[in-house]
2 protein chains.
Amino acid sequence: MILHTVCFTLAHEPGSGEEQAFLDDARRILPAVPGVEEFTASRQVGEQSDFRFQFAMRFADRDAYAAYDAHPDHQGFVARRWKTEVAAFQEFDFVPLEG
Amino acid sequence: MILHTVCFTLAHEPGSGEEQAFLDDARRILPAVPGVEEFTASRQVGEQSDFRFQFAMRFADRDAYAAYDAHPDHQGFVARRWKTEVAAFQEFDFVPLEG
């Protein structure tokens, strides 16, 4: 199991219609890509970071993660929305610690 | 619900006994603090970040989070272990996005 996460801040004004549209579209498009499990969208509220949002999703394994990454719906969202509407982001991927 | 997370890298050599002892002690001490739910310890495996580990835990609300933060077992762990054994860290806190 791999938990893929990305913290981000949008270029849009907080509370704007553009912000809402980005969040709505992401929550419609990304969880529908095959292999995505337990998609969550969150506000980042910790004072130690300036990031304002986070998406998180689980994949069964690296193959499922790679298939998502290469899927046209994901690639299209990245090309048409992410690259123009996201001001800053940081990805982290987690696997449960054994032992 | 608040998901409290911290990504970190230890001062210890990867794979060392000191690393294992820190991870073991944290996983024994922190989940036992009242209010901590669904404690997880993970390796950070994403290539976009140098952080090597992550702890995550859920709290019912901000009061539960504040009680954890102030609890002697948490404060003691921070003072005796975190401050001396952690080389770098970044906290993020998440609340589910509505609407």
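Just check chain A against the gyration tensor rule for me: Cα atoms, a ≥ b ≥ c as the square roots of the eigenvalues, rounded for a/c under 1.5, and otherwise prolate or oblate depending on whether a/b exceeds b/c. Because a/c hits 1.5 or more and a/b fails to exceed b/c, chain A counts as oblate. Summary value for chain A: 47 percent relative contact order, contacts being C-alpha pairs under 8 angstrom separated by 6+ residues. Counting every C-alpha pair in the protein assembly as shown, the share spaced more than 30 angstrom apart comes to 24%. Mean partner shielding of peptide A:86-96, defined as the number of other chain Cβ atoms within 10 Å of each residue Cβ, is 5. Once you reduce region A:1-76 and region B:43-99 to the center of their Cα atoms, the two points are 21 Å from each other.
Computed over chain B with a Gaussian network model linking Cα atoms closer than 10 Å, the most mobile of B:E47, B:E13, B:E37 is B:E47.
Averaged over the residues of peptide A:33-42, the number of Cβ atoms from other protein chains lying within 10 Å of each residue's Cβ is 2.
Helix-derived [θ] at 222 nm for chain A: sum -39500 (n - 2.57) over DSSP H runs of at least 4, divide by residue count, nearest 500?
Helices in chain A give a 222 nm mean residue ellipticity of -8000 deg cm²/dmol.
Averaged per residue, chain A has 51 square angstrom of accessible surface, using a 1.4 angstrom probe with ligands and nucleic acids left out.
The values are calculated or read from the model by the stated rules, or taken from the named source; none is laboratory data. Remember, it's a predicted structure, so these values are computed and weren't measured experimentally. When we count neighbours, we look across all protein chains shown, and the Cβ atoms used for this are built from the backbone with ideal geometry, even at glycine. To get the accessible areas, we keep the full protein, side chains included, count just its heavy atoms, and leave off ligands, DNA and RNA. Shrake-Rupley method; radii C 1.70, N 1.55, O 1.52, S 1.80 Å.
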